[in-house]
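K.L.:
A single structure is presented below for examination.
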Amino acid sequence: MTYRLFKRPTKNGKLVWYYYYYDGAKRIRKSTGQSTKKEAIRWLQEHEPDRQPQKTITLRDWCVDFFIWDRCPYIARQHAAGRDFGRAIAKLRRGHLDNHILPKFGHRRLEQLNGYDIERWLLQSSLSNATKNHIRDTFNIVLNEAKRKRLIEQNPIPEVIRFKPQAEKRDVFTLEEIKSLFPKDEERLLELWRHPKWATMYFLMLTTGMRVGEIGALLWRHVMWDLPGVLILQAIKADGSIGPPKSSDVRGVLIPDRTVKLLQWWRAQSPYSEDDCLIFFGEDGHTTLNSKTIARKIYPVLERAGIDKARKLSAHSCRYYYNTVMRNVLNEAALHYMIGHKSRAMTERYTNIEPEDRLKQLRPAQRVINQVWD
C-alpha cells in the first residue's frame, strides 16, 4: 500500500511531517512526529514497513492519453455513461493541453498545482475570455480525474475565477450594401464574386440565415424546389466531419424566388449536380469545404464592392441581416423555427413535426418573403 507525505504546523508553530493513505474509501491521516522529511521517511520505514511512498507524477505524465481518441479512459467513461463526447471536442480539449496548459505547467507535480498560479497565468494571457474559460474547463476535467484517482487531495480549479465573455459586436449589412454585394446584373455579380458558386452560396446564406457549417453540408436533395425551401439536416463540425446542426436543430427554411433562380443557375454549371452531391463542394461533390474557407470568401468581395473596411462585417453578418429583416414580416414562432433559435414555445409546439411538413405549414408566408428579397 502507498502513502503520501505532507507537512503542517502544530499549535505552537512547529512543522511536523504527516502521512496519509486510503483504507477503502476512507482517508487515514497520521503524524510521524518528525520535523524533517528525511527523519519522517526513516520513521515510516521502521513503523510502516509494508507501505511505499506514492510515485511522484507530473501533470505531463498524467496527461499522456488525455483526450486522445480510443486511448483516453475519461472519454470511454463518458460514452459508457451515455454522454455525448465527440471527436471534435476531444481534439479541441487536447489542443488546450498541448498549446497552453502543458507548456506552462506540464513539468509540475500534480500536488504542486494551485489555484493562485493558474488564475494569475490566465489573467495575464492575451487570449479571449471565452478561450480562457474553455482552457479552465479542460484543466478542471484533468484535475478532477486526478482527484478521483486519489493522486491529489483537492482540485484547485474551482478557486479559479471564470471570465466574463467578451461578445464582439458585429455590424449588420445595410440595404445599400446588400444591393452592392448582390446586383441583379449577372456580369457585375460575377465581377464581384468571381464564381457563381460563391455568389449563390452567400445569397443563400443571406436569404435563409444559415450558419457557415450548415451551408457547407447542404446537398442538392435538401432543396425543396416546389415549396420552395431548403432542409437543414446536417452541418460541418469542428473536425471537418458532417454531423447534426448546432443543438441537433434540424429545420426547414422557405426561400425567395431569386434564391431559387440562383440555385438553378449554379446547378446548371456545377460538375456535381446529382441529388446526393454537396451543393458547395471542396475537391469533389462528396468532399466538404473548410468552414474557414467559406467564411473568408466575403472579405475580398467587400473590398471589391467598395464597402468600408472599418465596418465589422463577416459571413455571420448574413445571419444577422436575415434575422433583422425577417422579424418584420414573420411571426416570432416562424422566425425562431427557420433561423434555428431555441425557445420553449417552439419546442413544445413543433415537437415531432418533420421539417418538410413544417415548411408546408409556413407556405402562406412565401409572398412576403419574395417581396423582401426582390
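The values are calculated or read from the model by the stated rules, or taken from the named source; none is laboratory data. Remember, it's a predicted structure, so these values are computed and weren't measured experimentally. Heads up, the Cβs are rebuilt from the backbone with ideal geometry, glycines too, and the neighbour counts pull from every protein chain shown.
K.L.:
Which pairs do you get when a residue that is over 15 Å from Thr324 (Cα atoms), found in the range 167-187, comes within reach of a residue that is of a type outside the set (Gly, Ala, Ser) and surrounded by 10 or more Cβ atoms within 10 Å (Cβ to Cβ), reach meaning Cβ atoms under 6 angstrom, with the pair 6+ apart or on two chains?
P.N.:
Phe182/Phe203; Pro183/Leu189
K.L.:
Same structure, new question: Which residues, counting only those in the range 27-39, are small (Gly, Ala, Ser) and within 24 Å of Lys147 (Cβ to Cβ)?
P.N.:
Within the range 27-39, just Ser31 meets the criteria.
K.L.:
Go over the candidates Lys30, Lys26 one by one and state the one that is surrounded by 12 or more Cβ atoms within 10 Å (Cβ to Cβ), within 47 Å of the chain's Cα centre (by Cα) and of a type in the set (D, E, K, R). Let's see the steps before the verdict.
P.N.:
On the way: Lys26 fails: surrounded by 12 or more Cβ atoms within 10 Å (Cβ to Cβ).
Exactly one residue qualifies, and that residue is Lys30.
K.L.:
Moving on to the next point. What number goes with the only condition from (1) surrounded by fewer than 13 Cβ atoms within 10 Å (Cβ to Cβ); (2) under 15 Å from Leu59 (Cβ atoms); (3) modelled with pLDDT under 95 that Pro165 does not pass?
P.N.:
Here Pro165 meets the rest and fails (2).
K.L.:
What is the residue count in the range 204-228 for residues that are under 22 Å from Glu274 (Cβ atoms) and in a loop (DSSP other than H, G, I, E, B)?
P.N.:
8
K.L.:
Provide a single number: the residues in the range 273-294 that are hydroxyl-bearing (Ser, Thr, Tyr) and either assigned to a loop (DSSP other than H, G, I, E, B) or surrounded by fewer than 18 Cβ atoms within 10 Å (Cβ to Cβ) (or both). Give the derivation first.
P.N.:
Restricting attention to the range 273-294, the residues satisfying the condition of being hydroxyl-bearing (Ser, Thr, Tyr) are 273, 287-288, 291, 293.
Going one step further and asking which of them are either assigned to a loop (DSSP other than H, G, I, E, B) or surrounded by fewer than 18 Cβ atoms within 10 Å (Cβ to Cβ) (or both), we end up with 273, 287, 293.
Of the residues in that region, 3 qualify.
K.L.:
Filter the range 232-272 down to the residues that are among the aliphatic types (A, V, I, L, M), in contact with a Lys or Arg (Cβ under 8 Å, 6 or more places away or on another chain) and not in a loop (DSSP other than H, G, I, E, B) and list them by number.
P.N.:
Ile232, Ala235, Leu254
K.L.:
Now for a separate question. Of the residues that sit in the range 315-334 and are within 24 Å of the chain's Cα centre (by Cα) and crowded, with 18+ Cβ neighbours inside 10 Å, which one is farthest from Pro364 (Cα to Cα)?
P.N.:
Restricting to residues being within 24 Å of the chain's Cα centre (by Cα) and crowded, with 18+ Cβ neighbours inside 10 Å, the top hit is Ala315.
K.L.:
Right, something else. From the list Arg150, Arg108, which residue is at pLDDT 90 or above, among the basic types (Lys, Arg) and in the same structural domain as Ile75 (by TED's automatic domain parsing)?
P.N.:
Arg108
K.L.:
Moving to a separate point now. Determine which single condition Asn129 fails, assuming it passes every other condition in (1) touching a Pro at 6+ places or on another chain (Cβ under 9 Å); (2) more than 28 Å from Ser291 (Cα to Cα).
P.N.:
It is condition (2) that Asn129 fails.
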